[in-house]
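Working notes for the structure below.
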Amino acid sequence: MNKTKLYFITLFVFLVLGIYVFLNFMFKVYIWWFIPFFWWLLIKDVITGKKWFEKRQKKDNTLKEVKPFIPQYIEEELDVSKNEKEGLKDIVKLCSSRKTQNKLLSFIDTNKFIELPWYELNEYAMENKIDLFIHLDWKESVSELHYWIDSIVKSLLEKEIELPNYKLFEANYLINNDWDAFKVYNETIKKHNLQISLLETGGDEYVLVIHFTENLEKVGNAIAMLGYKHRYYK
């Protein structure tokens, strides 16, 4: 039996005795009843742990600020193999201007990669206005390809060459049933000892580099070191 029940049972007994004493006019006994009864009323908090009249705490109805849950994105470093880093370095040496190679090579050695190495390297190159990979969405226009080829050719040859007129490509698609813009541009730059090599990433994108024709095999090996198939135009 818990203490609260015991307390109120005892209090009930006191009340019954008080009524009995009062109804039988036993006033001499009444004082001996009242003293323990009054004492029992006073020690309620001692027995039950609660006072007779406790103040109830008002509920705080004010709106409390609830902080939104913000998921934390943890960037995990990729385990880039030594072979893959060497492939990146070879791409830099074979497909970019000598003036900018040291900056890119230093990035490869010191950077902690959290995305695809070639992609992250290219992002760094673009931020520093260095031409390296050409990365195009499959829906990209020929004008975009024209822009990047023109820029890279200038950095490799240190001069401008005449490129195909991209406006002649109907609807400006890169590849159509009637033409392949990569092949058309490749034939043009080959006249200047340059050519296009593509990385087959398996995605809905085109990733390519431009290099001197005599380095075709070396570029193919570097692309293989990155883990991709090499595609080029003869």
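Ranked highest first by average number of other Cβ atoms within 10 Å, how do 97-106, 128-137 line up?
128-137, 97-106
Which pairs in the list 139/159; 99/190; 3/50; 99/154; 112/218 are over 18 Å apart, alpha-carbon to alpha-carbon? The partial results should precede the final answer.
Values: 139/159 30 Å; 99/190 23 Å; 3/50 11 Å; 99/154 13 Å; 112/218 26 Å.
Result: 139/159; 99/190; 112/218 exceed 18 Å.
Normalized C-alpha radius of gyration of the stretch 92-234, against 2.2 N^0.38 Å?
On the way: Rg = 14.8 Å, N = 143, 2.2 N^0.38 = 14.5 Å.
That ratio works out to 1.02.
Which aspartates and glutamates, on any chain, are close to residue 167 with Cα under 18 Å apart, when same-chain ones fewer than 8 places away are left out?
140, 144, 150, 178, 180, 187
Values quoted throughout were computed directly from the atomic coordinates according to the rules given, and no laboratory measurement underlies them. None of the values given here were measured: they were computed from a predicted structure. Using ideal geometry, Cβ is built from the backbone for each residue, glycine included, and neighbour counts are taken over all protein chains shown.
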